[in-house]
Amino acid sequence: MVSHKEFETAGKKPGLQAWRIENMDLKPVPKALIGNFFTGDAYVLLYTTPAPSHYIHMWLGDECSQDESGAAAIFATQLDDFLGGGPVQFREVQNNESLTFQGYFKSGIKYQQGGVASGFHHVVTNDANVKRLLHIKGRRTIRATEVAFSWASFNQGDCFIVDLGKDIYQWCGSECNRFELVKASQVAIDIRDNERNGRATIQMVEEGAEPQALIDALGPKPSIPPGTPDDDKVDISNKKKASLYMISDASGSMKSTIVAESSPFKQAMLNLEECYILDNGVDQNLFVWKGPKANTSERKAAMSAAQQFIKDKGYSNKTQIQVLPAGGETTLFKQFFSDWKDKDQTTGPTKAYAIGRIAKVEKVPFDASTLHTNHSMAAQHGMVDDGKGKVQIWRVEGGDKVAVDASSYGQFFGGDCYLILYSYKLGGREQHIIYTWQGLKCTQDELAASAFLTVKLDDSMGGAPVQVRVTQGQEPAHLMSLFQGKPMVVYMGGTSRKGGQAKSAATRLFHIRQSSSRATRAVEVKPLASSLNTNDVFVLKSPGGTFVWSGVGASEEEMAASKHIVATLGGSASNVSEDKEPDGFWLALGGKNEYQSSKSLQKTVKPPRLFGCSNKTGRLIVEEVPGDFQQTDLATDDVMLLDTWDQIFIWIGNEANDEEKTGAPKIAKDYVDSDPSGRKGLPIVSIKQGAEPPTFTGWFQAWDHKMWETDPLDKIRSQF
């Protein structure tokens, strides 16, 4: 194993370390300057989590030489080897860095002209002789790029930082929007605090009100051209396209053979003794997965094999590469598999987790009594309260809403659509949720009417309620908890309107399951043996009798709920335990067959993801927020999309424009439908800025309800 003196301190404590390639050797970058990159150079960065786990990034500037990028690749591979082959490795290219990389630099990535070859060095200075112009771009990820020091570099649509050493001017174009102003100010503050050790003053300058000092530095000011839209953003819907190759050096040189033409893939396609390339080149992403039992030469050659693959395919040299050891797979990689399970994970309904740092996953147990105070739990279990508030239910009928008789609350028919209004108190204020439940067998007209009636009800209440669209079979835990002590019952088809019922089938099967928040739901499923699940209780009604079947992993509450179902269906039932079924039971199900029999005690771990939807460029684009997101990442002039895996939130900023507001629900639906892992029909929750329920705020650390009472721009200016 090759060691380097710089490796001795590598990965010893959590945080970010960076080295620049100088004369084919590693030179550490001072801590205060990590995040500044010379465009003529190559760098190796190492991020260590508290776990510890490691992420190695090699970063290549637009003008770095072939030799430097080659040296960076060699050092990255040696560092990976030194750390036991466990790190995830990334190849990063200027202006096209991975989200993981962008997440390290919340106050922006800075690109400086020049490099080692032209004598430029990383030094912290209180230097008064600096003269540079930085062009600030980006709403989610800020990039500050050094441009020619002249008025010709300016445009009205962006912010620029004129850095004169002791004085830093933040110049704002007349078309620049407020959210971008706040982001640009973070860069200016970062330069003052880190590069000048706090010894510089910042001034905000609006276009047309330039002080004399600025004119003296840049010369007489000509007329400034308008801004140009960024058209290099990729639409979210092409995330489907990827293919899978196996790579092998059995023939003496690296060869790749196709395993699957297009995603989604199955995890079983990855053999532990091989290495694979997942080719998502259309989105400029390439992944190499290293099997733990693959031979050493293949594992070590992973990065170079990927670079060769990019050349062979004629892909852009901006393509990002991630090299992943088994067990270190990133969310981006896992989303191409329909059945991805992590090592300690078994099947069952998926669950996201409470926010800790990367690699620290805390599961919060459910306790209804502390729901209002523990927002992290409220978010994780999708519960705003314990469901004991006021419930009103209407059925959609003939384009209008008809009140449902309270005695049948909790029973939902697949041929109907319902509006459920829930009212509760939070902090002394009355809050409302409108659930729009849409049966899988209801008509197009009813679907359209249910959406229209929801908006009408929302308007009649001053637009304050949270709206949740629910598809049959995907009911969130909170909705299930509204029928205090009784299970929520979902019938496959039929309707609850007078005289509308067709005759029920002779044989019917109901699946009873309790959610992590202890609410129970009974869903009618196909009366087949393959519908059974070892973790749950089932009620089977057939001409030959009614059976209550309990699986090995079933709970007492699920058994108790079965009594309600039997009472609703009429008659009495005999109890049957798994593996002790009488012949009549299998006969009613059309014969014995395989069913889900793994013990699903563990739930999947999926990090939440935040996206911004904006049409500031003239067309609606969606970008992911990098790193651990915060409340300040919610752009008040945009619509944001929060994906917590078992539901999607649409957050509508107060200053979002009409096109963003009307386009967002479609984007949310397209986002779910084009999900590479094949999720479908998730609840989509629309909420408005200032009326966020704890199921949303709990995903953000230290949510501040008063944050938007002061203008974010004034808040950041106070730091000048």
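Overview of results
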| read-out | value |
| --- | --- |
| Note, ³J(HN,Hα) from phi for segment 529-544, Karplus 6.51, -1.76, 1.60, rounded to Hz, x at Gly and Pro | 4, 5, 7, 5, 8, 4, 8, 10, 10, 10, 10, 10, 10, 9, x, x |
| Extension gain (nm, one decimal) between LEU587 and SER423, 0.36 nm per residue minus Cα-Cα | 54.4 nm |
| R0 of 30 Å, Cβ-Cβ distance THR662-THR228: FRET efficiency to nearest 0.05 | 0.70 |
| Cα gyration tensor shape of segment 423-567, rounded if a/c is under 1.5, else prolate or oblate by comparing a/b with b/c | oblate |
| Helical contribution to [θ] at 222 nm, DSSP H n ≥ 4, -39,500 (n - 2.57), averaged over the chain, rounded to 500 | -5500 deg cm²/dmol |
| THR546 long-range amide H proximity, modeled H, under 5 Å | SER574 |
| Order by protection proxy (mean Cβ within 10 Å, highest first), peptides 440-450, 555-565, 686-696 | 686-696, 555-565, 440-450 |
| Three-way shape call for segment 151-193 based on the alpha-carbon gyration tensor, with the a/c threshold at 1.5 | oblate |
| Cβ crowding within 10 Å averaged over residues, with 578-584, 99-105, 655-661 ranked highest first | 99-105, 655-661, 578-584 |
| Accessible heavy-atom area order of SER674, SER718, highest first, probe of 1.4 Å | SER718, SER674 |
| Under 5 Å, built H, 5+ apart or other chain: amide partners of LYS318 | none |
| Full-extension gain in nm, SER3 to GLU273, via 0.36 nm per residue minus C-alpha separation | 94.5 nm |
| Restraint check, LYS313/LYS334; LYS255/LYS669; LYS241/LYS341; LYS106/LYS688; LYS5/LYS110, Cα-Cα greater than 32 Å | LYS255/LYS669 |
| Alpha carbon centroid spacing (whole Å) that separates segment 153-228 from segment 439-459 | 50 |
| Computed lengthening from ALA567 to LYS241, 0.36 nm per intervening residue step minus Cα-Cα distance | 112.4 nm |
| Packing-based order for 294-303, 84-93, using average beta carbon neighbours within 10 Å, highest first | 84-93, 294-303 |
| Heavy atoms of TYR424: accessible area, 1.4 Å probe, square angstrom to 10 | 10 |
| Accessible area of the chain belonging to carbon and sulfur atoms, whole % at 1.4 Å probe | 52 |
| Calculated from backbone phi, Karplus (6.51, -1.76, 1.60) coupling profile of segment 262-275 in Hz, x at Gly/Pro | 8, 6, x, 9, 9, 4, 5, 5, 8, 8, 5, 9, 10, 10 |
| Tilt relative to the chain, helix 556-569 - C-alpha long axis, 0 to 90 degrees, to 10 | 50 |
| Built amide H within the under 5 Å cut-off of ASN657, gap 5+ | none |
| Rounded to 5, percent antiparallel among DSSP beta bridges of the chain | 70 |
| Under Karplus coefficients 6.51, -1.76 and 1.60, residue-wise ³J(HN,Hα) of segment 467-475 in Hz, glycine/proline x | 9, 10, 8, 10, 9, 3, x, 10, 5 |
| Probe 1.4 Å, accessible area per residue of segment 408-471, Å² | 42 |
| Probe 1.4 Å, accessible area per residue of segment 155-292, Å² | 44 |
| Rounded to 5, percent antiparallel among DSSP beta bridges of segment 633-689 | 50 |
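The values are calculated or read from the model by the stated rules, or taken from the named source; none is laboratory data. In this text the structure is predicted, and so the values were computed from the model without any measurement. All Cβ positions, even for glycine, are placed from backbone atoms using ideal geometry, and neighbour counts span all protein chains on display. In case anyone asks, the SASA skips ligands and DNA or RNA and just uses the protein heavy atoms, side chains included. Shrake-Rupley method; radii C 1.70, N 1.55, O 1.52, S 1.80 Å.
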